[in-house]
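Reviewing the structure listed below.
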Amino acid sequence: MSAPLACEVQHLRKVFRVGFWGRRVLAVDDVTLQVPAGHVVGLIGPNGAGKTTTLRMLLGFVRPDAGRGTLLGEPLGSLRARARLGYLPELPVYPRFLTGAEVLDFQAGLAGVRDAGWTGRRDGLLERVGLGRAAGDRLHTYSKGMQQRLGIAVALCALPDLLVLDEPMSGLDPLGRHHVREIIRAEHARGCTVLFSSHVLADVEALCDDVAVLARGRVFRAGTLAEVAAGTTTSVEVRLSGGRPGTLGALEKLGPVRTAGPVHVWELQDPGSINAALELALASGCQVLGVLPRQGALEELVLQAHALAPVEGRNSP
C-alpha cells in the first residue's frame, strides 16, 4: 500500500500452553498485516481465527513467539506509541462500585489528560456514547451494552491517533450500534486511524476502507473492500443521484434500479461490468454517491475461511 502506515506486523506467530499438561495451541500462525494511516480497517473471520490475539500482540499486551512490527512508527510494545492510541478490549471490565464518570476520571488520570478542561470533555464523551444520564450511576447497575459503550468512551478519552476496537458492536442494541458507527465515522473524519474486529459484516461493509479476513491464524485475504470481495461478489450496489430524463431506463439495461427519495439504488448483477456501468451513469448526468459489494461477498469469504478452520483450538505442530 502506498499510504503511510499507522501500524504493520510481519509473520506474527503465537503459541499458548493450555490445560494441566500444557497442551500447545497455535493461536496465530503467520500473520502479516498493514493498516494505512487515516483508514478504517476491519478484521473479520470465524471464532478462533486469531483476531483478538493479533490485536493484543499489535498493542504489546502479548509477546509474539516470532515476527515483528511497528505501531505508530514505534516497535511493538513501545510506551510512546501506546500513549497515542485508544483501545477497547473484547470484554471491558471496570470496578463495579465506581460510577461511569469516575471510571473516565481514573482513565484520564492514567493517560495524563485530566486537565482544567477535562470535566467538560468527560461529560461530552458520556453524552456522545449515550450515557449522559447514567454518568453518576454505579457500574453494577449498567447493562452489558452500557458497559460496552463506557469502554468506547474510555478508548476516546485521550484523543487517540489510532483507535483499536475488539468487537465494538458486541452486546449493543440497534441504537447502540448506530451510536458506535457514528463515533467511528467521526473519528475517521478527525483523521484518526481505526482498526476493529467484528462479526457484524454489515458494519464492516458500511464503515471500512480495507478488510482483512483471518483463518487458522493466517490472513486469508486482505485489501480494499472491493479487492477482498473480487471473485466472490454476486452483485454490486451503486448509489446515484441526479441524471437526465430517461436516465433510469438506460441504467436498467444493466440492472434493476429502485428510487429512495433523491437517491437511486442500482443493483448490478455482473460485478465485472462495474467500470462500464459507472461510465454510463456519469455520461447520463448522474452523481455517484457510493459503490458497495452486497453483503453476500463478505459472507462467502467468512464461510470459506470457516471451512478452513477447525471448531476448537488448533494444536501446534
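The values are calculated or read from the model by the stated rules, or taken from the named source; none is laboratory data. What you are looking at is a predicted structure, and each value in this text was computed from that prediction instead of being measured. Every residue, glycine among them, receives a Cβ derived from its backbone with ideal geometry; neighbour counts consider all protein chains shown.
In table form, for the structure just shown:
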| read-out | value |
| --- | --- |
| Test result for Ala155, over 21 Å from Leu58 (Cα atoms), at pLDDT 95 or above, part of a helix (DSSP H, G or I) and of a type in the set (A, V, I, L, M) | no |
| Lone unmet requirement of (1) part of a loop (DSSP other than H, G, I, E, B); (2) surrounded by fewer than 16 Cβ atoms within 10 Å (Cβ to Cβ); (3) touching a residue at least 12 places away in the same chain (Cβ under 8 Å) for His140 | (1) |
| Odd one out for Thr53, checked against (1) part of a strand (DSSP E or B); (2) buried (at least 20 other Cβ atoms within 10 Å of the Cβ); (3) β-branched (Val, Ile, Thr) | (1) |
| Residue that is farthest from Cys286 (Cα to Cα) [pool: residues in segment 244-254 that are buried (at least 17 other Cβ atoms within 10 Å of the Cβ) and at pLDDT 80 or above] | Leu254 |
| Any hit, segment 91-109, residues being out of contact with any helix residue (DSSP H, G or I) (no Cβ under 8 Å at 6 or more places or on another chain), among the aromatic types (Phe, Trp, Tyr) and in a helix (DSSP H, G or I) | yes |
| Selection within segment 28-40 - crowded, with 24+ Cβ neighbours inside 10 Å and under 21 Å from Gln304 (Cβ atoms) | Val28, Val31 |
| Count of segment 90-134 residues which are aliphatic (A, V, I, L, M) and over 28 Å from Pro174 (Cα atoms) | 5 |
| Residue satisfying all of: in segment 122-137; in a helix (DSSP H, G or I) and among the charged types (D, E, K, R); surrounded by the most Cβ atoms within 10 Å (Cβ to Cβ) among these | Arg122 |
| Count of segment 165-193 residues which are assigned to a helix (DSSP H, G or I) and either in contact with a Gly (Cβ under 7 Å, 6 or more places away or on another chain) or of a type outside the set (D, E, K, R) (or both) | 11 |
| Hey, Leu12 crowded, with 24+ Cβ neighbours inside 10 Å and within 19 Å of Asp209 (Cβ to Cβ) or not | no |
